[in-house]
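Readers should treat all values here as calculations from the given coordinates under stated rules, not as data from a laboratory. This structure is a prediction, so every number in the text was calculated from the model and none was measured. FYI the Cβ positions are ideal-geometry reconstructions off the backbone, even for glycines, and counts take in every protein chain you see.
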Amino acid sequence: MSEQESFVEELVNKSEDYSRWYTQVILKAQMADYAPVRGCMVIRPYGYTLWENMQRLLDARFKATGHQNAYFPLLIPESYLAREAEHVEGFAPEVAWVTQGGSEELEERLAIRPTSEAIIGMMYSKWIHSWRDLPVLINQWCNVMRWEKVTRLFLRTTEFLWQEGHTVHRTEEEAQEETLRMLGVYRAFVEEDLAVPVIYGQKTESEKFKGAAKTYSIEAMMGDGKALQAGTSHNLGQNFAKVFDITFQDMDGQRKHAWQTSWGVSTRLIGAIIMVHGDDAGLIMPPRVAPIQVVVVPIWRKEPEREAVEQFVAKLQSVLGSTVRMKVDWDDEHTPGWKFNEWEMRGVPLRLEVGPRDVKNNQVVLVRRDNRAKEFVPFDAVETRVQQLLAEIQQSMLQKAQQFMASRTRTADSYEQLKELMTGDAYAHERGFVLAHWCGDADCEARIKEETTATIRNIPLDAESHEGNCILCGKAGIGKRVVFGRSY
Ligand SMILES: [Zn+2]
């Protein structure tokens, strides 16, 4: 067995054991590792660079829509968290508490933030007095902690990184506009920068954020047909404003409660990138966020060859180095074949090979990670061609994922059909989303969930109106089909 084959063999086949493939890819690509505390994760430099690239692009979108960053404390006094009843009830089972400082027991327990509505609401009540103080458009990048029982790298960990936007508005309409604006920002970011298509829509009453008036989400389909809630945007109404007393004097001189929103995405999106784009050879990074966009593998056998290749690569670096994130793999210990596999596994979108023959012909070899297409490019055209290919890869990754989602999205006109698609024989290989009519009743939703494990992912905002009857009870539907799916 050649070295190349043995390397590939280490990675389990995606179609054979999706969940093991997922974990193996993360560990082998050095994206993350397990931490000593169960459910915690170390994000290694390769994974963290990806997160930094994602952060930079999303942060620019926040700034472009008028938001600023701030930072609020990690610890929240229990009495603050307890003020919004639904909110505390929703989060209580997963809150981690600080009860002791040094050797002294604290008078009041402090929650490690599971989310920051409570502490931020309390500060807003102090800062907001007049309609002139509005809107407040603040975001924070931070960590949060939720004591999860079942964890999985990036998808569900006890501590995770995210951003949480918290805004305050004068009117209900403005808050609703903001809620949908940020859902749109998420959708654009995830589709354009991560090449992950989403369904965007409103969550049902039973699936909404605890304490919100309305919750909206973007839902992505993973490579195994399951849904991943990739981001949420909440219209909080006046719920938190009332319990934290966020009031302002309006233009008419009246004192009124403010209207709020909150919205967040997390390192969970890294899990989405891995699951949507990866294949049997490993990861495929979307060029816009890839930690390394181009990896150069120099090829030489004897000494004079190496020197010629080195000089050529130095020339390449001066041309490409400032426009793309590139790495030259000069490692002496491994063969070029080993390196090809290694960088394929880590998902670098473009590989550039340079050997003595290429130097002589003043050209390079470019190989795409997504479809392995290979081409020879003259040195003078490299800069332009690399940019073109990175853009093409980004585009075709999105198209491929869109086609997959479309092919795995089906319509069910009866409960039998939904059950078959969610639990029957077809499910094992062809699982996906199911569009079906629902009456809007939480009991029907709960029974479908109990019997099929499928939940209503959301009520798509852009779905065409369509009249039909609830597939379970037969009563009139809500006027459009909703999206059912099993989820992570
Ligand atoms: Zn019904």
Item checked: Whole-angstrom gap from region 406-481 to region 2-81, using each part's C-alpha centre -> 32 Å
Next item on the list: Can you tell me the relative contact order of region 1-133? Whole percent, Cα pairs under 8 Å, sequence separation 6 or more.
Entry: 15 percent
Next item on the list: Give the cross-link partners of K28 among the lysines, using a straight C-alpha distance below 28 Å as the criterion and excluding same-chain residues fewer than 8 apart.
Entry: K14, K149, K226, K327, K339, K374, K400
Notebook entry, point to check: For the chain, what is the calculated [θ] at 222 nm in deg cm²/dmol (nearest 500), taking -39500 (n - 2.57) for each run of four or more DSSP H residues and dividing by its residue count?
Noted result: -11000 deg cm²/dmol
Next item on the list: Please sort through the DSSP H helices of the chain and keep those with an alpha-carbon extent of at least 27 Å along the long axis and a Kyte-Doolittle average not below -1.0.
Entry: 45-64, 382-407
Next item on the list: Please compute the net charge surrounding R351, taking Lys and Arg as +1 and Asp and Glu as -1 over other residues with Cβ under 10 Å from its Cβ.
Entry: +2
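Calculate, in whole percent, how much of the Cα-Cα pair population of the chain lies beyond 41 Å. Spell out each step's value before the answer.
On the way: 33949 of 118828 pairs.
Percentage above 41 Å: 29.
With the alpha-carbon atoms as the only input, what is the per residue convex hull volume for region 208-281 in Å³?
Working: hull volume 7.2 nm³, N = 74.
Taking the convex hull of the Cα positions in region 208-281, it is 98 Å³ per residue.
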Item checked: Computed log₁₀ I(q)/I(0) - Debye formula, equal Cα scatterers, no solvent, region 313-434, q 0.21 Å⁻¹ -> -1.22
Check: Length gain on complete extension for the stretch W127 to R44, per 0.36 nm per residue less the alpha carbon to alpha carbon distance?
Finding: 26.0 nm
Notebook entry, point to check: At q = 0.22, 0.23, 0.27 Å⁻¹, what log₁₀ I(q)/I(0) does a Debye calculation on the Cα points of region 144-195 give, no solvent, two decimals?
Noted result: -0.90, -0.91, -0.96
Item checked: Relative contact order (percent, whole number), the chain, Cα cutoff 8 Å, 6+ residue spacing -> 14 percent
Checklist line | Order of I478, I120 - criterion: other Cβ atoms within 10 Å of each residue's Cβ, fewest first | finding: I478, I120
Margin query: I'd like to know which of N235, V295, V365 lies farthest towards the positive end of the charge dipole of the chain, counting +1 on Cβ of Lys and Arg and -1 on Cβ of Asp and Glu.
Written below: V365
Notebook entry, point to check: Long-range amide H contacts for R109: which residues qualify at under 5 Å (H placed 1.01 Å from N, peptide plane, sequence gap of 5 or more or a different chain)?
Noted result: E78
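Which order results if M122, M221 are arranged by neighbouring Cβ count within 10 Å, fewest first? All intermediate terms of the calculation are to be shown ahead of the outcome.
On the way: M122 20, M221 29.
Result, fewest neighbours first: M122, M221.
Take W343, W147, W263 and order them by how many other Cβ atoms sit within 10 Å, fewest up front. Each step should come with its number before you reach the end.
On the way: W343 23, W147 15, W263 26.
Neighbour counts put them in this order, fewest first: W147, W343, W263.
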Check: With no solvent and one point per C-alpha, what does the Debye sum give as log10 I(q)/I(0) for region 12-277 at q = 0.16 Å⁻¹?
Finding: -1.29
